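The values are calculated or read from the model by the stated rules, or taken from the named source; none is laboratory data. It should be emphasised that the depicted structure is a prediction, and the values quoted were computed from it without experimental measurement. Reconstructed Cβ throughout: ideal geometry from the backbone, glycine too, with neighbour counts over all protein chains shown.
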Amino acid sequence: MDKKVSFKNVLMVWIGIITMYTFYQYSLLDSVLNTVKQSGVNSLEDSTLITLIVTGQILVLIFILVGLMLVSIIFYFFGVLMQDDTSKTKYLYIISVVVFFNMLITVPLGCLNLFEGDKLITPSTNLYFVMFNPFLMLAIYVFYRLLSTTKLKRIVIVIYCVTYYLFQIASQTLL
């Protein structure tokens, strides 16, 4: 399975990531707006608050996409050091697909937030859920399978997967 990956494939995955992110953030909008209003910011109109919140969410999405590019460049650099001839685009595709599968958790959580508006549900609510998140496990499996298509040694692939798992746990529990 050593097919050439084009940037078009990466863009399709990014559209999926953007769609899931937008849906999840939309499900949080009322709760975030109410929290901001209760914090004492009554001098601003609702439209101004919504604009500020949406602008912040768009900036976070841009940082996610830039982060995908930076991580793929780091993986490419380590791949070059290990004499792997995988392209930068393929590494970007691999990282994007892994994040796509990891973000699948936002679909059921977004639905719960839309229908249970009085209680905010986030992916980092419970430590056990963070550690044994089935979508994170699926993402790690996909990560392993996609990295197996490269010329990296199996031990390097396992180290990449364990590192990804630890970074995900750290990022979810520190938020």
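For the residues LEU61, LEU44, the requirement of being over 30 Å from ASN9 (Cα atoms), of a type in the set (A, V, I, L, M), without any contact (Cβ under 8 Å) to a residue 60 or more places away in the chain and touching a helix residue (DSSP H, G or I) at 6+ places or on another chain (Cβ under 9 Å) singles out LEU44. Taking the criterion of being at pLDDT 85 or above, hydroxyl-bearing (Ser, Thr, Tyr) and not in a helix (DSSP H, G or I), no residue of the range 95-145 qualifies.
Restricting attention to the range 135-150, the residues that are without any contact (Cβ under 8 Å) to a residue 24 or more places away in the chain and either of a type in the set (Asp, Glu) or exposed (fewer than 15 other Cβ atoms within 10 Å of the Cβ) (or both) add up to 4. The listed residues are TYR164, TYR160, and the only one of them that is surrounded by 16 or more Cβ atoms within 10 Å (Cβ to Cβ) and more than 23 Å from ILE18 (Cα to Cα) turns out to be TYR160. Within the range 46-94, if we keep just the residues that are in a helix (DSSP H, G or I) and among the polar types (S, T, N, Q), the residue that is surrounded by the fewest Cβ atoms within 10 Å (Cβ to Cβ) turns out to be SER47.
Determine if the range 23-36 includes at least one residue that is over 30 Å from ILE155 (Cβ atoms), of a type in the set (S, T, N, Q) and in a loop (DSSP other than H, G, I, E, B). No; the residues of the range 23-36 include none that is over 30 Å from ILE155 (Cβ atoms), of a type in the set (S, T, N, Q) and in a loop (DSSP other than H, G, I, E, B). Going by the structure shown, is ILE157 within 17 Å of ASP85 (Cα to Cα) and part of a helix (DSSP H, G or I)? In short, yes. Can you tell me which residues in the range 1-22 are farther than 27 Å from SER148 by Cβ and either touching a residue at least 40 places away in the same chain (Cβ under 8 Å) or outside any helix (DSSP H, G or I) (or both)? The answer is ILE18, TYR21.
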